[in-house]
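First comes the structure, then the notes that go with it.
Nothing in this text is a laboratory measurement; each read-out follows from the coordinates by a stated rule. Source: prediction; values computed, not measured. Reconstructed Cβ throughout: ideal geometry from the backbone, glycine too, with neighbour counts over all protein chains shown.
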Amino acid sequence: MNSTDFDRAVGRLLRAGDFRRLVALCRAMRAENPLYADAWFLESVAAEVGGNLGAALKLVDRALEIDHANPEYLTQKARYHSSANQDAEAGNAADMAVSVGVRSPQSMNTLGVVYTRLGRHENALKLLTQAAGLKPADPDVIFNLAASMQFMGRHDDARKNYERVTQLQPDNARSYWALSELEKVDVSDRYESAMRTLAQRPGLSDRDELYLAHALSRIEESRGEYSSALRRLRAAKTRRRESLEYEFDQDAALFNAVIESFTTVQPTKNADASSVPLQTPLFVVGLPRTGTTLVEQILTAHSKVASLGELQDLPSAVKRLSGDTGCKIISPEVIESTARGEIPLERAYIHSIAPRLKNIPPGTSYFIDKTPLNVFMLGYVMRFMPRAKVILLRRDPMDTVLSNYRQLFSTDYSYYNYSYDLEDTACYVAAFEALVDHWKTVLGKRMLVIDYELLVGDSESYSRAMFDYLGLDWEPGCLRFFENKRAVATPSAPQVRTPVYSSAVGRWRKYGSIIEPAKHKLAELGITRTAS
């Protein structure tokens, strides 16, 4: 088989999505010519589509042994590593792809997404701007460029590009939702008519219905139509939940495994001083939508504190060290197999985040890992990273239920499956409250717990308390955290670029009887604490 015939056959099979025959074709080609790099590379593509990232990485590495400077191979290698939460390797491959010269807009777009996941937003923006210049009518490229601009705080530019996507693709529900996310502080109804028309279209996918429901409900809330907004969300979320086969017992098992596995937490002596960075790790944790981004923004307004953003490196390191081959990063099996043994967690974690640490400004004393669900990892942190600090956020349980239910998290991330049902969300919040009480008993003053309501009610006093806990001198500029220009890649980005406000405290009371099932479920589970 010559290369021309191979390429034609590959094109047909890719268009047909016939990856089984693509694998057979690649292997036949390699039998004739073991050094035909594309045959190794294209089989890696098929392996990745089939969910076998390990095989995909081995195959693309074999292709790179033959053609080591191929930018397309390096781009896909970066993407595979990123999908496997191997950030250090993803960053290295992405940097190599850029250094050898990425020419195609598709590769620039892919690398832009990889850099975004790595928190390297300036690199991402540069590549995505180039890609959009080469493919100005590609909705996927323009959407990713808009998202990158949003993370960098360039909201006007982001808005223009999201609007450009809706012009190119009037049925792009995700862009309407993204526009509504930009307008959390100042809600606009300029897209309402188009969204209502699209929402009535027969055959709308459950994901598109979710995007539109979240955007339209925000408009209804701005008009004081709280019950109507929540009913709209309930219809879309119920449909999505039915496709997931989710039961809260799946999450309850994880909470129970953590509590039962860490009844005591004794710090270990670090056997490898070379794994300890100059800066001290600071973990900001809690449930999503409880003020973790606000705290991160306040802390990073200090000259001695920098943030690495939301990372998967800590749970991923625990997963790798456990040897577990299951599909979930955090699971009862992973917890139970690692909680009582000695594992080189600090070394594995620091190795994983090393590329990000290189970007920390000189003179920094603390780096923040602000991943809310690292609340499950605190036993590991306090055992294997004895220098580390932890700030844990909690919020009125009913406001937490509402804010999680109102937020559209990544639809591909199973850890947020609880948020498709009010009572499931209430169960999750109750389990979190029990976990917080457990950590307060086990960790004591090694951890600082901050109530969101107290922070927004007296931001200076509680900000000072955080810096006292860290042993840092107070800097008045920390009260002007909203002027902080760093990239923010969380749903709270629009809010944390404005001064502290308390209008979200007790918000759940506006929704009347429609939210009562969540209140009853919390009470049934023994949770009666509410904000004053």
> If each Cα of the stretch 185-326 is one equal point scatterer, what is log10 of I(q)/I(0) from the Debye formula at q = 0.19 Å⁻¹?
Replying inline: -1.26
> What is the log10 of I(q)/I(0) for the stretch 261-330, computed with the Debye formula using one identical point scatterer on each Cα and no solvent, at q = 0.13, 0.15, 0.24, 0.28 Å⁻¹?
Replying inline: -0.60, -0.79, -1.23, -1.24
> Picking from VAL45, LEU118, ASN374, whose Cα lies most toward the positive end of the charge dipole for the chain (charges on Cβ: Lys, Arg +1; Asp, Glu -1)?
Replying inline: LEU118
> Tally Lys and Arg at +1 and Asp and Glu at -1 over the other residues with C-beta under 12 Å from the C-beta of VAL102: what net charge comes out?
Replying inline: 0
> Going toward the positive end of the dipole of the chain, with +1 on Lys and Arg Cβ and -1 on Asp and Glu Cβ, which of VAL60, HIS351, SER99 do you reach last?
Replying inline: SER99
> Which three extents, in whole angstrom, do the alpha-carbon atoms of the stretch 1-136 cover along their principal axes, largest first?
Replying inline: 44, 31, 25
> Once the Cβ-Cβ distance between MET1 and LEU244 is put in as r, and R0 is 35 Å, what FRET efficiency do you end up with, to the nearest 0.05?
Replying inline: 0.20
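For the stretch 148-268, count all C-alpha to C-alpha pairs, find those more than 18 Å apart, and express that count as a whole percent of the total. Present the calculation step by step, with values, prior to reporting the outcome.
Numbers: 4486 of 7260 pairs.
That fraction is 62 percent.
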> Which order do peptides 291-304, 231-244 fall in by mean Cβ count within 10 Å, highest first?
Replying inline: 291-304, 231-244
>> As an exercise, find the ratio Rg/Rh for the stretch 394-445 from alpha-carbon atoms, using the Kirkwood inverse-distance average for Rh.
In response: 1.04
> For the stretch 326-484, what D do you get in µm² per second when you plug the Kirkwood radius from alpha-carbon pairs into Stokes-Einstein at 10 °C and 1.306 mPa s?
Replying inline: 87 µm²/s
> In debye, nearest 20: dipole of the chain around its Cα centre with unit charges on the Cβ of K, R (+) and D, E (-)?
Replying inline: 540 debye
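Using mean Cβ contacts within 10 Å as the protection proxy, how do 146-153, 283-290 order, highest first?
My ranking of the peptides, most packed first, is 283-290, 146-153.
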>> Along the charge dipole of the chain, pointing to its positive end and built from +1/-1 on Cβ of Lys, Arg, Asp and Glu, which listed residue (MET108, GLY323, THR238) has its Cα farthest out?
In response: MET108
> Nearest 20 debye, what's the magnitude of the dipole of the stretch 162-289 about its Cα centre given +1 on Lys and Arg Cβ and -1 on Asp and Glu Cβ?
Replying inline: 260 debye
> Cross-link partners among lysines for LYS160, C-alpha distance below 19 Å, same-chain residues fewer than 8 apart left out?
Replying inline: LYS126, LYS135, LYS184
> What spacing in nm lies between the two simple spin-label points modelled at LEU454 and ALA9, each 7 Å away from Cα in the Cβ direction?
Replying inline: 6.9 nm
>> Please give the charge dipole size of the stretch 174-233, origin at the Cα centre, charges +1 on K and R Cβ atoms and -1 on D and E Cβ atoms. Round to the nearest 20 debye.
In response: 140 debye
>> Can you give me the Rg/Rh ratio for the stretch 111-171, using Cα atoms for both radii and the Kirkwood formula for Rh?
In response: 0.95
> For THR280, which sequence-distant residues (separation of 5 or more, or a different chain) have an amide H within less than 5 Å of its own amide H, given hydrogens modelled in the peptide plane?
Replying inline: TYR366, PHE367
>> At a 10 angstrom cut-off on C-beta neighbours, averaged per residue, how do the peptides 355-366, 95-106, 446-457 rank from highest to lowest?
In response: 446-457, 95-106, 355-366
>> How charged is the neighbourhood of LEU254? Take every other residue with its Cβ under 12 Å from the Cβ of LEU254, and add Lys/Arg as +1 and Asp/Glu as -1.
In response: -4
>> Given axes a ≥ b ≥ c from the Cα gyration tensor, I'd like to know whether the stretch 55-131 is rounded (a/c under 1.5), prolate (a/b larger than b/c) or oblate.
In response: oblate
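Just to confirm a number: summing +1 for Lys and Arg and -1 for Asp and Glu over residues other than ARG223 whose beta-carbon lies under 13 angstrom from that of ARG223, what do you get?
Its environment carries a net charge of -2.
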> Is it possible to state the helix-based mean residue ellipticity at 222 nm for the chain, with each DSSP H run of 4+ residues giving -39500 (n - 2.57), the sum divided by total residues, to the nearest 500 deg cm²/dmol? What is it?
Replying inline: -18000 deg cm²/dmol
> Out of these labelled values of semi-axes √(5λ) of the Cα gyration tensor in Å, (i) 38, 30, 24; (ii) 55, 23, 20; (iii) 41, 30, 22, which was calculated from the coordinates shown here?
Replying inline: (i)
